[in-house]
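S.K.: The following block contains the structure, expressed as structure tokens.
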Number of protein chains: 2
Amino acid sequence: MKELQSEYQCAINLVIDLIGGKWKVLLLWHLNEGDKRFNELRRTIPEITKKMLTQQLRELEGHGLVKRTVFEEVPPRVVYSTTDFGRKLQPVLYGMCQWGDDYAEKEGIQMNSCWTGRDFMQK
Amino acid sequence: MKELQSEYQCAINLVIDLIGGKWKVLLLWHLNEGDKRFNELRRTIPEITKKMLTQQLRELEGHGLVKRTVFEEVPPRVVYSTTDFGRKLQPVLYGMCQWGDDYAEKEGIQMNSCWTGRDFMQK
DNA sequence: CGGAATCCGAACTGATACTG
DNA sequence: CAGTATCAGTTCGGATTCCG
């Protein structure tokens, strides 16, 4: 598990350590839509492997951005959700998505089927 | 140079390709303070090597987020600045910084000497 | 269902030396 | 000053197998 430094020069560096990498922002984004189970997340993000999904979720959990709830049933059920603090990142994520949409439009990049910042703003 | 895909499922993925990694957000952040020369950026971010600085700046330039201006002088002078589109990310970066600050405060992580979202909001 | 453990190549990053 | 080039280390990420 990636350990945070005890001291940072700039908040941006801390943010990169917390949500940097290929998957975390995407996971937070989808978990902000609502709580999700492990295999539900796998279906939502088909490109991610089980290993990476587990790993990234554990790091998010360890840093207090995601909550993991285990229901002691058979078959087992595990539900992931964002914490209050993780949810505070929502506006930033929407801003990122909007900006990404603008870029895609400007550059003629095709965007599919996923919620976009623009969708959100229309609600 | 990292090539973008021709199609994305989610804007978030595009954003990650554009500004993901260890350095790009940090560079955009500092360039938003004002135009900077190569060695000026190195002093601002002492941990970055020349190689990575060049590489990341070139990618940002290639994606249209940063502009590189060469003054044909001796000694050479090269100035980097954000493009209009790169600057559109400013509010998002400030949001990230603010969130990072909150996290640092909550967790008792020390933050030094760099501009923070909070500083910005007080202006 | 929701993982853990292992292996391995690819990608990222850094150190160092050199250059117009 | 503003880079290139080369080499080497480390980490990341994916494939596969196994498990309660």
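S.K.: If only one of A:LEU57, A:LEU14, A:LEU53, A:LEU18 is touching a residue at least 12 places away in the same chain (Cβ under 8 Å) and within 14 Å of another protein chain (Cβ to nearest Cβ), which one is it? Reasoning before the result, please.
M.R.: Values: A:LEU57 fails: within 14 Å of another protein chain (Cβ to nearest Cβ); A:LEU14 fails: touching a residue at least 12 places away in the same chain (Cβ under 8 Å); A:LEU53 fails: within 14 Å of another protein chain (Cβ to nearest Cβ).
Matching residue, one of A:LEU57, A:LEU14, A:LEU53, A:LEU18: A:LEU18.
S.K.: Cβ-Cβ under 8 Å, sequence separation 6+ or interchain: first residue in the range A:66-90 and within 14 Å of another protein chain (Cβ to nearest Cβ) and over 17 Å from A:ARG42 (Cα atoms), partner aliphatic (A, V, I, L, M) and more than 16 Å from DNA strand D (Cβ to nearest atom). Which pairs?
M.R.: Listed pairs, sorted by first residue: A:THR83/A:LEU65; A:THR83/A:VAL66; A:PHE85/A:LEU65; A:GLY86/A:LEU31; A:GLY86/A:LEU65; A:GLY86/A:VAL66; A:LEU89/A:LEU65.
S.K.: Also, I was wondering about something else. For the range A:21-33, enumerate the residues that are more than 8 Å from chain B (Cβ to nearest Cβ) and touching a residue at least 24 places away in the same chain (Cβ under 8 Å). Explain how you work it out, then say what you get.
M.R.: Start the filter on the range A:21-33 by keeping residues that are more than 8 Å from chain B (Cβ to nearest Cβ), which leaves A:23-24, A:27-28, A:30-33.
If the condition is that a residue be more than 8 Å from chain B (Cβ to nearest Cβ) and touching a residue at least 24 places away in the same chain (Cβ under 8 Å), then A:TRP23, A:LYS24, A:LEU27, A:LEU28, A:LEU31, A:ASN32, A:GLU33 are the ones that fit.
S.K.: Tell me, which helices (runs of 4 or more DSSP H) lie completely within the range B:1-91 with 3 or more residues that are more than 13 Å from DNA strand C (Cβ to nearest atom) and under 21 Å from A:LEU14 (Cα atoms)?
M.R.: Values: elements: B:11-19, B:24-33, B:38-44, B:50-62, B:84-87.
Per the criteria, B:11-19, B:24-33, B:38-44.
S.K.: Out of (1) within 16 Å of DNA strand C (Cβ to nearest atom); (2) among the basic types (Lys, Arg); (3) not in a loop (DSSP other than H, G, I, E, B), what's the single condition that is false for A:LYS106?
M.R.: (1)
All of the numbers you see were taken from the coordinates with simple rules; none came from a lab. Everything numeric here is computed off the predicted structure, so don't read it as measured data. Quick reminder, even Gly has a Cβ in these numbers, built from the backbone with ideal geometry, and neighbours come from all protein chains shown.
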